[in-house]
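So the structure is just underneath, and the comments pick up after that.
Values in this text are rule-based calculations from the coordinates and carry no lab data. Because the structure is predicted, anything quoted here is derived from the model rather than measured. Glycine also receives a Cβ, built like all others from the backbone with ideal geometry; neighbour counts cover every protein chain displayed.
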Ligand SMILES: [Cu+2]
């Protein structure tokens, strides 16, 4: 009598592939750009990235039309001096979130071709370490309405 042995390797391969595609890019919420005075040389994008997956993710690049350059930055205070350090990536830990907020991480928008005013929107594309990307329509808001004094303390 012959035994029938089912081949399962094909099924295993398909399962592994579907596992791979289940890795999701972070969910981005609350994106905004503070209004800048006329002639300002830069602005910034603030937002929150939430990672619901089991592996850490990272924002590795951002792009926006209408700016000479877009960089990932972190604001730090060193010896009483405010500095901005360019970042290679901004990590979002597994099952965690990373906030881009005034005084910390931000996406720097350098040399706008037109003044950034409240009421405008800017399309900002975020590129993640897993190769995915997402384009957000980010509203420009007045700074005063978004930043009550002392409101940014943790
Ligand atoms: Cu900056």
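Each of 41, 108, 120 has some number of other Cβ atoms within 10 Å of its Cβ, and from fewest to most they run 41, 120, 108. Take the Cβ atoms of residue 53 and residue 137, set R0 to 25 Å, and the FRET efficiency comes out at 0.50. Panel order for 84, 49, by other beta carbons found within 10 Å of each beta carbon, from fewest to most: 84, 49.
Percent of C-alpha pairs per 5 Å bin in the stretch 24-146, short distances first: 2, 11, 21, 24, 20, 13, 6, 2, 0.
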